[in-house]
Amino acid sequence: MMMKRIVVALALAGCCVTGVQAQMDAKEPKIAAGTIIEPAKSFDGMLKGFEEEFVPLAEAMPAEKFDFAPSAAIFVAGQGSEYATVSTFRAMVLHVASANYFYASMVSGTKPDVDVKALADIKGKDQAIEALKASFVFAHKAFGTLTAKNAFESVRGTQTRASLAGGLVAHGFDHYGQLVEYLRMNGIVPPASRK
């Protein structure tokens with residue numbers, strides 16, 4: 001009986017992997033393994049994937065809940081956690097926009113085309129989403145400057161243009177995970193989970 005369960009579990013896992021691989025293959029062009037990809041194209045693809053997850057997530061929060069932040073009232077009484085300095089949904093979206101400008105400017109050496117500090121003062125969902133999208137436009141331009149020659153140049157210590165490009169995406173996905181929880185606390189299924 002145990003052997004049958006193991007076989008069924010392995011068969012289901014195989015189907016899941018095959019299904020996921022089929023979906024991924026349908027989206028991406030066929031590129032032979034071992035093909036050298038230009039850094040700009042490779043890192044920009046990673047940035048595009050992050051953008052396609054993060055922007056819909058930010059757009060999913062209704063305007064009237066855009067300043068939501070978790071509070072002790074949401075959780076089990078007596079938990080002992082501190083909620084005095086928890087960021088709002090809006091503040092985190094704008095933080096990611098600011099970070100996109102910071103990392104991207106380090107990648108390209110180009111100064112942001114906006115006052116990054118002023119982003120924190122933006123009120124309202126529409127303006128925050130607009131600022132977020134603009135930060136991705138800037139980041140795509142910055143990632144477009146990566147070449148095989150400059151990708152691993154030191155920008156600051158051991159940080160290179162390539163590691164900072166990866167850092168932008170890693171940092172953003174950290175906040176993505178937090179904002180997924182903010183949506184779920186408000187009864188909203190994140191867009192990526194609806195597929």
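Quick notes
- Farthest toward the positive end of the dipole of segment 100-162, out of ALA128, ALA118, TYR103, is the Cα of TYR103, where the dipole comes from beta carbon charges about the Cα centre.
- If you take all other residues with their beta carbon under 13 Å from the beta carbon of ILE122, and give Lys and Arg +1 and Asp and Glu -1, the sum is 0.
- For PHE68, net neighbour charge (Lys/Arg +1, Asp/Glu -1) across residues whose Cβ lies under 12 Å away: +1
- Peptides 30-38, 112-120, 56-64, ordered by how many other C-beta atoms sit within 10 Å of their residues on average, highest first, read 56-64, 112-120, 30-38.
Coordinate-derived values only; no laboratory data. It should be emphasised that the depicted structure is a prediction, and the values quoted were computed from it without experimental measurement. Methodologically, a virtual Cβ is constructed for each residue, glycine included, from the backbone with ideal geometry; neighbour enumeration extends over all protein chains shown.
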